[in-house]
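As structure tokens, the structure follows; a few thoughts come after it.
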Amino acid sequence: MVRFSGVDPAWKRASVALAVALAFVLFSAVAGASEEREFLGAAAGRRLAIRIMSREISAAMTPWKIPRPVRKATDYSRHVWDACEKYGLDPFLVAALICVESEGRADAVNQSRVGLMQVNVQENMGWITRHFPQVKTVDHLKKPRNNVMAGTFALSVAMEGAGGVREALYDYLGVNDERRVDRIFAVVDRMNIAARAAGK
């Protein structure tokens, strides 16, 4: 798995971002996944990726009339970038999961799932409190940065044991819901299109 330091020179960060994008392609090919997915978030670079993710997340918030959606979506997108640098995932995948699962609502609760990434408290709180010492309660886990860090870590673990990105999402979601995962991929595709258009 690719790891980021966050303190390297710009050229090295760009190289590592490209490595993450290539790793996703290789992951699907080596694992024999039934479908190939493209993820351009890391390759787009921090500034562009955050702008694209923020646009998608703020659009997902629209039905909920959340105050200051663009500012909040930008903050959440920064958390996504930081978490993906740390845990070696593409930020567009994590941002898309946020758009579909919580629609950008930091206070979202659905049974035992909470926060932006709908982290499953019942199944994960034990290891979360060990791995993230600052997260001692469910309220701590609802805080956007904590939730994104814990959720991204959980998804990265699912990726390690899965046969492809779709299977990793099934594991993360706790259900083989094809339509839900297709919705996540549709958001990724929109962000990929935006990244390509900005690169022309």
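Rule-based calculations on the coordinates, nothing more; no lab input. Because the structure is a prediction, the values reported are computed rather than measured. Cβ: placed from backbone, ideal geometry, glycine included. Neighbour counts: every protein chain shown.
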Considering only residues that are charged (D, E, K, R), in contact with a helix residue (DSSP H, G or I) (Cβ under 9 Å, 6 or more places away or on another chain), surrounded by fewer than 16 Cβ atoms within 10 Å (Cβ to Cβ) and without any contact (Cβ under 8 Å) to a residue 60 or more places away in the chain, which ones fall in the range 148-181? D177, E178
Would you check which residues across the range 30-49 are in contact (Cβ under 8 Å) with a residue 40 or more places away in the chain and either surrounded by 23 or more Cβ atoms within 10 Å (Cβ to Cβ) or not in a helix (DSSP H, G or I) (or both) and list them? G32, A33, S34, E35, R37, E38, F39, L40, G41, A42, A44, A49
Residue among R145, R179 that alone is within 14 Å of A95 (Cα to Cα) and of a type in the set (D, E, K, R): R145
Is it the case that some residue within the range 125-138 is in a helix (DSSP H, G or I) and crowded, with 20+ Cβ neighbours inside 10 Å? yes
Restricting to the range 73-103, name every residue that is surrounded by fewer than 23 Cβ atoms within 10 Å (Cβ to Cβ), under 14 Å from S58 (Cβ atoms) and either of a type in the set (V, I, T) or within 10 Å of the chain's Cα centre (by Cα) (or both). T74
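Yes or no, residue by residue, for (1) in contact with a Ser or Thr (Cβ under 8 Å, 6 or more places away or on another chain); (2) not in a loop (DSSP other than H, G, I, E, B):
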{"position": "W81", "(1), (2)": "no, yes"}
{"position": "E85", "(1), (2)": "no, yes"}
{"position": "L89", "(1), (2)": "yes, no"}
{"position": "F92", "(1), (2)": "no, yes"}
{"position": "I98", "(1), (2)": "no, yes"}
{"position": "E103", "(1), (2)": "no, no"}
{"position": "D107", "(1), (2)": "no, no"}
{"position": "Q122", "(1), (2)": "yes, yes"}
